[in-house]
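S.K.: Please see the structure below; I have some questions.
The values are calculated or read from the model by the stated rules, or taken from the named source; none is laboratory data. Everything numeric here is computed off the predicted structure, so don't read it as measured data. Cβ placement follows ideal geometry from the backbone for every residue including glycine, while neighbour counts extend to all protein chains displayed. The protein model used for the area step is the full one, side chains on, heavy atoms only, and it has no ligands, DNA or RNA in it. Shrake-Rupley method; radii C 1.70, N 1.55, O 1.52, S 1.80 Å.
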Amino acid sequence: MPIVISASDLERLATLHVASVPDSIVTLLGARYARAFYRYISSSASELILLERSAQGVVQGVAVLSFEPATLSRRLFIHTPFLFYAFPACLGLARRLLAGRAASQSEAAVAKPTTELILLFVDARVRGQGLGAKLIARTTETLRSRNVQTFCVKTLAAEENRALDFYAANRFEKDGKVWEFGQEFQRFSRNTDP
């Protein structure tokens, strides 16, 4: 269900995204595109944003779910100014695409959960205070209330990526690796049982 995002929330989401997720395509395209991305995501019936706020109401953590992750790239291409922002970033993106390989057909053919936690991040100033785990708990409760039994998340498969341990500690199980945009990702799945 779409949620209303205020102009200040939109600005905060874009700023926080660029600062917290430096390797994402959204960050590569810049803060202006990040605002367009969150404007679309917040209005999409196929996505859901969960926000964690400070006592003063400032967004400190974000979880973004997609109920149709297979079509998200196409929908972003159609409904956001992707091409306008992508043109200047094409060289960096081309290098990333050329450096990797596409996901294998055998991995793509395996039945996987269709709901995906596409983003989860917390302001660096408040990391380690349990906000990420709180967002995972809210995500799980929200999906359970919608009768979604399992969901997945992908994170960079780099040894130094702290998210690998974070997801394992939050009851996610490794579910294979995929290549996207020239990078290898570890895929995790989790059921929504309490």
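S.K.: Based on the alpha-carbon gyration tensor of segment 1-79 and its eigenvalue square roots a ≥ b ≥ c, which shape applies: rounded if a/c is under 1.5, prolate if not and a/b is larger than b/c, or oblate? Write out the running numbers ahead of the final one.
M.R.: On the way: a/c = 1.78, a/b = 1.26, b/c = 1.42.
Here segment 1-79 falls in the oblate category.
S.K.: 7 Å from Cα along Cα→Cβ at both Leu156 and Ser46: what's the point-to-point distance in nm?
M.R.: Going from the Leu156 label point to the Ser46 one covers 2.7 nm.
S.K.: So if I take the centroid of the Cα atoms in segment 142-183 and the same for segment 1-40, what is the distance between those two points in Å?
M.R.: That distance is 21 Å.
S.K.: Got a sec? Which residues in segment 13-40 would a label at Gln56 touch, if it sits 7 Å along Cα→Cβ and we count backbone N under 17 Å?
M.R.: Residues 13, 15-16 qualify, since their backbone N sits under 17 Å from the label point.
S.K.: For segment 147-194, rounded, prolate or oblate, judged on the Cα gyration tensor with a ≥ b ≥ c (square roots of eigenvalues), a/c < 1.5 rounded, else prolate if a/b > b/c? Write out the running numbers ahead of the final one.
M.R.: Working: a/c = 3.20, a/b = 1.59, b/c = 2.02.
Here segment 147-194 falls in the oblate category.
S.K.: Still on this structure, I have one more. Can you give the accessible area per residue of segment 130-178, in Å², using a 1.4 Å probe?
M.R.: 58
S.K.: Near the amide H of Leu119, under 5 Å away, which other amide H atoms are found, from residues 5 or more places off or on another chain, if H is placed in the peptide plane?
M.R.: So Leu119 has HN proximity to Val64.
S.K.: With a 1.4 Å probe and all protein chains left in place, how much accessible area per residue does segment 6-70 have, in Å²? Walk me through the numbers on the way to the answer.
M.R.: Values: 2540 Å² over 65 residues.
For segment 6-70, the solvent-accessible area averages 39 Å² per residue.
S.K.: Shape of segment 121-174 from its Cα gyration tensor (a ≥ b ≥ c, root eigenvalues): rounded if a/c is under 1.5, otherwise prolate when a/b > b/c, or oblate? Before the final figure, lay out the partial values.
M.R.: Values: a/c = 2.56, a/b = 1.34, b/c = 1.92.
Here segment 121-174 falls in the oblate category.
S.K.: Provide the per-residue ³J(HN,Hα) series for segment 28-33, in order, calculated from phi with Karplus coefficients 6.51, -1.76, 1.60 and θ = phi - 60°, each as a whole number of Hz, with x at glycine and proline positions.
M.R.: Karplus values, whole Hz, x for Gly and Pro: 4, 7, x, 5, 4, 5.
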